[in-house]
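J.: I'd like to ask you about the structure that follows.
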Amino acid sequence: MERAPVISASPITSGKKSPARAALVDLKDPVRNVIVDCFRQFGVETVIMSAGAEDRLRREKFEACVVRLGPTAEPVMEAARTSASNSRIVLYGLGGTAQEAMRFSKYGINAIFREPLERPAAIKLVRATQMLVQHELRRYVRIPVITEVAVVLADNRRLTATSVEVSSGGMSMRSAEDLSNGQAVEVSFALLTLPRVWVRGAIVWRNAPGKTFGVRFDNTDDRRLRIKDWIEAYLEN
């Protein structure tokens with residue numbers, strides 16, 4: 001009797017992209033439930049962690065991490081940023097102000113969930129950052145990151161601001177100072193693996209109620225290319 005030919009079937013691989021994962025470290029209800037729901041709306045899976053979070057962040061790949069700003073936050077951020085897989089993870093702080101977040105500026109916190117946490121504000125924050133979490137980025141991307149920025153005005157007046165977003169062409173930041181459109185400035189800041197850089201620019205917009213303003217980098221200042229290179233390297237990892 002003739003035997004039927006044996007057909008070797010190769011494994012079928014799906015072209016579907018694995019969902020992004022966000023680690024939620026030591027978050028308590030009801031805040032945790034709100035954040036879980038916000039990420040779920042944008043297709044981001046959440047992984048609840050408590051003890052052993054640092055070890056998991058060193059061993060497993062995550063696209064985002066939410067951690068309460070406080071004494072226990074630094075070891076978590078350190079574990080994430082020193083991990084080969086998670087060095088470019090999107091870090092969210094929970095609670096505190098932008099000024100308090102400066103304590104952790106060397107870890108490059110990307111955004112903060114303010115407390116008391118309100119669902120509309122939380123959804124707005126996740127919506128603003130979800131493209132970075134999911135690596136679906138437009139060509140001229142803005143990286144949300146919180147770090148201290150030194151600003152020198154044309155009259156040599158100096159002030160300190162807090163960055164909101166940075167791109168290869170400019171950055172937005174917050175300051176209590178009253179500034180005007182068109183003012184020439186020179187800004188100085190450091191970003192994770194980018195040593196402190198100075199670059200000239202001009203204020204091109206401002207939001208007086210929130211004291212938020214935008215600076216466009218001077219195209220003739222080649223020092224801005226260091227920022228461009230850093231952003232490209234950030235996105236490639």
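J.: Which of the peptides 79-85, 47-53, 229-235 is most tightly packed, and how do the rest follow, going by the mean number of other Cβ atoms within 10 Å of each residue?
T.: 79-85, 229-235, 47-53
J.: At 0.36 nm per residue, minus the direct Cα-Cα distance, what do residue 48 and residue 127 gain on full extension? Give it in nm, one decimal, please. Present the calculation step by step, with values, prior to reporting the outcome.
T.: Details: separation 79, 0.36 × 79 = 28.44 nm, distance 2.06 nm.
Extending this stretch completely gives an extra 26.4 nm.
J.: For the range 14-58 and the range 76-116, write down the distance between their C-alpha centroids in whole Å.
T.: 15
J.: Please list the non-local residues whose amide H lies under 5 Å from the amide H of residue 204, H modeled 1.01 Å from N, same-chain partners needing a gap of 5 or more.
T.: 182, 214, 215, 216
J.: Would you please put 181-189, 146-154 in order of how densely packed they are, using the mean number of other Cβ atoms within 10 angstrom per residue and starting with the highest?
T.: Details: 181-189: 16.3, 146-154: 18.2.
Put in order of decreasing packing, that is 146-154, 181-189.
J.: Which three extents, in whole angstrom, do the alpha-carbon atoms of the range 104-237 cover along their principal axes, largest first?
T.: 43, 35, 26
J.: Could you tell me how far the Cα centroid of the range 169-237 sits from the Cα centroid of the range 143-163, in Å?
T.: About 8 Å separates the Cα centre of the range 143-163 from the one of the range 169-237.
J.: Same structure, new question: Given points 7 Å out from each Cα along the Cα-Cβ axis, report the residue 136 to residue 82 separation in nanometres with one decimal.
T.: About 3.5 nm, to one decimal.
J.: Moving on. DSSP beta bridges in the chain, what fraction antiparallel, as a percent rounded to 5?
T.: Restricted to the chain, the bridges split so that about 65 percent are antiparallel.
J.: If you don't mind, another one. So if each residue of separation counts as 0.36 nm, and I subtract the Cα-Cα distance between residue 33 and residue 205, what length gain in nm does that give? Kindly include the intermediate steps, with their values, before the conclusion.
T.: Details: separation 172, 0.36 × 172 = 61.92 nm, distance 3.63 nm.
Using 0.36 nm per residue and subtracting the Cα-Cα distance, I get 58.3 nm.
J.: Give me, ordered by chain and number, the residues 5 or more places off residue 90 or on other chains with an amide H under 5 Å from its own placed amide H.
T.: 64, 65
J.: Okay, next question. Are there GluC sites (Glu not before Pro) in the range 13-91 that DSSP marks as loop and that have at most 14 other Cβ atoms within 10 Å, and which are they?
T.: The qualifying sites are 60.
J.: Under a straight-distance cross-link criterion of Cα-Cα below 19 Å, which aspartates and glutamates are reachable from residue 28, leaving out those fewer than 8 residues away in the same chain?
T.: Leaving aside aspartates and glutamates fewer than 8 places away in the same chain, those within reach of residue 28 are 37, 45, 54, 74, 115, 118.
J.: Kirkwood hydrodynamic radius (Cα pairs, Å) of the chain?
T.: 19.4
J.: Once the other residues with Cβ under 11 Å from the Cβ of residue 33 are scored (Lys, Arg +1; Asp, Glu -1), what is the net sum?
T.: After counting each charged neighbour, the total is +2.
J.: Packing-wise, with mean Cβ within 10 Å as the measure, how do 113-125, 29-41 rank, highest first? Please report the intermediate quantities before stating the final value.
T.: Working: 113-125: 14.4, 29-41: 15.9.
Output ranking for 113-125, 29-41: 29-41, 113-125.
Computed from the coordinates by the stated procedures, all read-outs in this text should not be read as laboratory data. These numbers were taken from a predicted model, which means no experiment stands behind them. All Cβ positions, even for glycine, are placed from backbone atoms using ideal geometry, and neighbour counts span all protein chains on display.
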